[in-house]
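The values are calculated or read from the model by the stated rules, or taken from the named source; none is laboratory data. Keep in mind the model is a prediction, meaning the values are calculated, not measured. When we count neighbours, we look across all protein chains shown, and the Cβ atoms used for this are built from the backbone with ideal geometry, even at glycine.
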Amino acid sequence: MEIVFHIKKTDKGYSSLMDSPDQKAKDIPVAKTSFENNILKLDMSNFKIEYNGKLVENSKLMGSFTQNGTSIPLNLTHERQKKKSALRPQNPTEPYPYVSEKVNIPNPATNGKLAGILTLPSKEGIFPVVVLISGSGPQNHDEELMGHKPFLVISDFLTRQGFAVLRYDDRGVAGSDGDFAKSTSRDFANDVKTVVAYLKTRKDINAKKIGLLGHSEGGAIAPLIASEIKDIAFLVLMAGTGVSGGDLLLAQQQEVGKVYGQSDDDLKHTKDFFTGAFAIITEKLYPESKKTKLTAYVKKAIKTNPKFAIPKDMTETDFVNSQVNQLLTPWMEYFINYNPATALQKVTCPVLALNGDKDVQVPADMNLSAIEAALKKAGNTQYVVKKMANMNHLFQECKTGSPEEYEPSTQTISPLALDEIGNWLKAVK
């Protein structure tokens, strides 16, 4: 993915903004910017992001980009690099054989709007509708990442099948108002409620046939909505979660680490550290007490475990603070504590849960079994739980499931997954 930083020198020092063009995200504030002795430091603690680079040749920064504790090399230049255009054959092109309408939905939670696109099979009719709920991170209405537009492909497929589809920019992203960095899954769920309420006012939508399709974090949010709005007609959970956020992140770290070739020793170190950190985050403590306890925990971990490598250009105090701030963002705290099984135990509408068997971000077995157990506890008899063979987190057909396979693949989403969803929806329609 391309990353762009806009850095300005001011009377008080430096300020900067970040763009993520592939996600259509612009002007994201950087909390702290410093440039001393040819070393640039950018701190975006709300997004768990840091950049540290050294200026060389007066036109190039050589450094590392860190997110969630994982670092990768990232060199920055003044000139934008030309990206190879990846073939995306599944992206539909205009003119579409259906109606595509831009909508702006008033959102009281942000005193602004949610910007979206509603596609309808034709101008005349009353249609069942599917609301698309994106995964984690700032997403536009196409859930665009690495040149792929999964929600564009899904909306096109379902609209051709006779369904209206509404997809929208996350709050604070692209055309939608709000502060994404300060928002949690609960806030995003409230946005979905606003979308549902809007759809109920439209004469071309069947108010008794409003369903939700959530991918990844969206698959954890959808059951929360259905547990609170009893007339949701159906749920489709794509790589949805069935366990607490803390348990999911621990499993994700292990599976992603394995596919990237991390040693058993490194994997154990990661698991032990975050197990202890998450335990503190789930305690019912006042914010300052929790921060103090977590800070002491991180300091002790650094001193007792040589696996902790503090970047050469950071002091121990700065490193500790960055780790603590990343773990105590509003989103992270809520996500670690939230267990979608609690909501799933109240869901009685039809549910389709699909997970790829090579998904390393939301491992299939642990999550599908938890989803099924929760639905059984709800007395739900209208569900299908299915593991999709040789598919990754994006439901691309793949070899290993590694995130490195996402961008090179010409497949945005497997036709097998699309057919599974389409056939099931027609059956419950």
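I'm trying to understand the selection: among the residues of the stretch 284-340, which are surrounded by fewer than 16 Cβ atoms within 10 Å (Cβ to Cβ), small (Gly, Ala, Ser) and more than 20 Å from SER64 (Cβ to Cβ)?
Matches in the stretch 284-340: SER289, ALA296.
Look at THR381 and say whether it is part of a loop (DSSP other than H, G, I, E, B) and among the hydroxyl-bearing types (Ser, Thr, Tyr).
Yes, satisfied.
If you check TYR98 against the conditions, is it closer than 30 Å to LEU199 by Cβ, at pLDDT 85 or above, aromatic (Phe, Trp, Tyr) and surrounded by 12 or more Cβ atoms within 10 Å (Cβ to Cβ)?
Numbers: closer than 30 Å to LEU199 by Cβ: yes; at pLDDT 85 or above: yes; aromatic (Phe, Trp, Tyr): yes; surrounded by 12 or more Cβ atoms within 10 Å (Cβ to Cβ): yes.
When the stated conditions are applied, TYR98 passes them.
Could you list, in sequence order, all residues of the stretch 366-384 that are surrounded by fewer than 18 Cβ atoms within 10 Å (Cβ to Cβ) and in contact with a strand residue (DSSP E or B) (Cβ under 8 Å, 6 or more places away or on another chain)?
Once the filter is applied, which keeps residues that are surrounded by fewer than 18 Cβ atoms within 10 Å (Cβ to Cβ) and in contact with a strand residue (DSSP E or B) (Cβ under 8 Å, 6 or more places away or on another chain), the stretch 366-384 yields GLN382, VAL384.
How many of the residues in the stretch 230-261 are in a helix (DSSP H, G or I) and crowded, with 24+ Cβ neighbours inside 10 Å?
2
Name the single residue that is modelled with the lowest pLDDT among those in the stretch 67-86 being within 15 Å of SER20 (Cα to Cα) and either surrounded by 10 or more Cβ atoms within 10 Å (Cβ to Cβ) or touching a Leu at 6+ places or on another chain (Cβ under 7 Å) (or both).
Among them, the one singled out is LYS83.
Which of the residues spanning the stretch 203-214 are over 21 Å from ILE413 (Cα atoms) and touching a residue at least 40 places away in the same chain (Cβ under 8 Å)?
The answer is LYS203, ASP204, ILE205, ASN206, LYS209, ILE210.
Is one or more of the residues making up the stretch 224-232 over 30 Å from TYR383 (Cα atoms), modelled with pLDDT of 95 or more and of a type in the set (D, E, K, R)?
Of the stretch 224-232, the ones over 30 Å from TYR383 (Cα atoms) are none.
The answer is no; no qualifying residue exists.
Take the residues in the stretch 132-182 that are aliphatic (A, V, I, L, M) and within 26 Å of ILE336 (Cβ to Cβ), then tell me which one is surrounded by the fewest Cβ atoms within 10 Å (Cβ to Cβ).
By that ranking, first place goes to ALA181.
Mind checking which residues of the stretch 220-236 are over 13 Å from VAL131 (Cβ atoms) and in contact with a Gly (Cβ under 7 Å, 6 or more places away or on another chain)?
Matches in the stretch 220-236: ALA220 only.
Looking at the stretch 215-229, I want the residues that are crowded, with 24+ Cβ neighbours inside 10 Å and have a partner that is at pLDDT below 95 with Cβ atoms under 8 Å, at least 6 apart or on another chain. Which pairs are those?
That search, which allows pairs on different chains as well, returns SER216/SER136; GLU217/SER136.
Name the pairs: first residue in the stretch 404-429 and within 14 Å of PRO128 (Cα to Cα), second residue outside any helix (DSSP H, G or I) and charged (D, E, K, R), Cβ to Cβ under 9 Å, at least 6 apart or on different chains?
Close Cβ pairs (under 9 Å, with a partner that is outside any helix (DSSP H, G or I) and charged (D, E, K, R)) amount to LYS429/LYS209.
Which numbered condition in (1) assigned by TED's automatic domain parsing to the domain that holds ILE281; (2) under 13 Å from ALA353 (Cα atoms); (3) among the hydrophobic types (A, V, I, L, M, F, W, C) is the only one that LEU250 fails?
(2)
Which of the residues that make up the stretch 188-229 are closer than 23 Å to ASN111 by Cα and not in a helix (DSSP H, G or I)?
LYS200, THR201, ARG202, ILE229
Considering each of THR329, THR292, THR315 in turn, give the residue that is of a type in the set (Val, Ile, Thr), modelled with pLDDT of 95 or more and more than 30 Å from LYS426 (Cβ to Cβ). Steps first, answer last, please.
Details: THR329 fails: modelled with pLDDT of 95 or more; THR315 fails: modelled with pLDDT of 95 or more.
Selected residue: THR292, the only one of THR329, THR292, THR315 that is of a type in the set (Val, Ile, Thr), modelled with pLDDT of 95 or more and more than 30 Å from LYS426 (Cβ to Cβ).
Looking at the structure I just gave you, is VAL362 among the β-branched types (Val, Ile, Thr), within 26 Å of ALA181 (Cβ to Cβ) and assigned by TED's automatic domain parsing to the domain that holds CYS398?
So VAL362 fits the description; yes.
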